[in-house]
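Worksheet: one structure, shown below.
Where a number appears in this text, it was derived from the coordinates with a stated rule and is not lab data. Bear in mind that the values here come from a model prediction, so they are computed numbers and not experimental data.
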Amino acid sequence: MVVVGTRHFHVSDVDALYKRALKAGHQPPTAPHDAEWGEHYFYLTDPDGHELSFARPIRRKRARSSASIQASHRTASGRVTTAPSGFACALS
């Protein structure tokens, strides 16, 4: 089947929605699992070829502060810039 588009939905209970999808006759390719990008998720493809992804953020341990992230990305000259996405990157 050709995927014609993807939609992402954040839901409060991924596992319960997965069970509902199974009861409704859908066959998701995987069970809900924790992804490396920080979401508990599963996806399925609807009859029209749209990939539907259902996820919730995983609560992580306290992230490093932006100051410590920037400090770890300094060049020898000490110059640092912050990209629009919030990631720090150093300029030479």
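Counting only DSSP beta bridges whose two residues both lie in region 5-57, roughly 60 percent are antiparallel. Once backbone amide H atoms are built at 1.01 Å from N, His50 has Val4 as its partners under 5 Å, excluding neighbours fewer than 5 places away on the same chain.
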